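This report concerns only the one structure given below.
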Amino acid sequence: MQFVNTNIAKEAGRLHRWPERLWSRRYRSIVIADDQAALARLRYVLAHGAKEGLVDDGPGAWPGANCIAALGRGEMLRGTWFDRGAEYKAKQRGETVRARQFATTYDVKLTQLPCLQHLTTSQHQAAIRRMVKEIEEQAKAVNLAQGRTPMGVTAILKQDPHSRPATTDRSTAPFVHASDKKTEM
């Protein structure tokens, strides 16, 4: 995880010209103790953008990285790996380096959670779509109750990536995600 986080931070910094660190905290591995907790974590990941009241068309409208299309419709995720070591060596040899010369695109296959592996592919996708629909309905209800209007995709994309929020939530990370106190122990 250190390798992954370090390289993501370097690439994001390169892309957005961030001179400072990207992550606010060090990586922590958190155990997910049971099936209910695993489903809760999946729901948390899928709800990104909607749970914060940022997008009004549900979590699928979130313009950043997400896995809704891959899990809910079977669309392939693709990622690009830049071999910065090879790029560096080529530059040291005095070679002219093109922008994507050392880029390799990989398909990223997501697998079902163990607690959902009994489902067929179409059943799993339907379950994900139901979960996303529930997230959308809950987000709309919360927005209505709080009287807030989501920013929307256009406003999100206009944000300065270098700006900082006035305050941040610094809650402590749990040692374990579990559905009940007994399982945590």
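The values are calculated or read from the model by the stated rules, or taken from the named source; none is laboratory data. Computed from a predicted model, the values in this text were never measured in an experiment. Neighbour counts are summed over all protein chains in view; Cβ atoms, including those assigned to glycine, are modelled from backbone coordinates with ideal geometry.
The table that follows gives values for the structure above.
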{"quantity": "Some residue of the stretch 25-33 being in a helix (DSSP H, G or I) and either aliphatic (A, V, I, L, M) or over 15 Å from Val176 (Cβ atoms) (or both)", "calculated": "no"}
{"quantity": "Residue within the stretch 70-86 that is among the acidic types (Asp, Glu) and more than 22 Å from Arg43 (Cα to Cα) present", "calculated": "yes"}
{"quantity": "Elements of type helices (runs of 4 or more DSSP H) in the stretch 63-156, at least 3 residues being charged (D, E, K, R) and within 30 Å of Asn7 (Cβ to Cβ)", "calculated": "84-92"}
{"quantity": "Search result, residues across the stretch 13-29 that are touching a Pro at 6+ places or on another chain (Cβ under 9 Å) and surrounded by 13 or more Cβ atoms within 10 Å (Cβ to Cβ)", "calculated": "Gly13, Trp18"}
{"quantity": "Selection status of Gly60, at pLDDT below 90, part of a helix (DSSP H, G or I) and surrounded by 14 or more Cβ atoms within 10 Å (Cβ to Cβ)", "calculated": "yes"}
{"quantity": "Among (1) touching a residue at least 60 places away in the same chain (Cβ under 8 Å); (2) of a type outside the set (A, V, I, L, M, F, W, C); (3) under 25 Å from Val176 (Cβ atoms), the one test that His48 misses", "calculated": "(1)"}
{"quantity": "Residues located in the stretch 56-88, provided they are more than 28 Å from Gln117 (Cβ to Cβ) and of a type in the set (S, T, N, Q)", "calculated": "Thr80"}
{"quantity": "Whichever residue in the stretch 30-55 is within 15 Å of Leu113 (Cβ to Cβ) and acidic (Asp, Glu) and, among such residues, is surrounded by the fewest Cβ atoms within 10 Å (Cβ to Cβ)", "calculated": "Asp35"}
{"quantity": "First in the stretch 93-109 and surrounded by 10 or more Cβ atoms within 10 Å (Cβ to Cβ), second anywhere and of a type in the set (Asp, Glu) and not in a loop (DSSP other than H, G, I, E, B), Cβ under 6 Å, 6 or more apart", "calculated": "Val97/Glu87; Phe102/Glu87"}
{"quantity": "Lone qualifier among Gln138, Gln146 - being within 25 Å of Ala61 (Cβ to Cβ) and either exposed (fewer than 10 other Cβ atoms within 10 Å of the Cβ) or charged (D, E, K, R) (or both)", "calculated": "Gln146"}
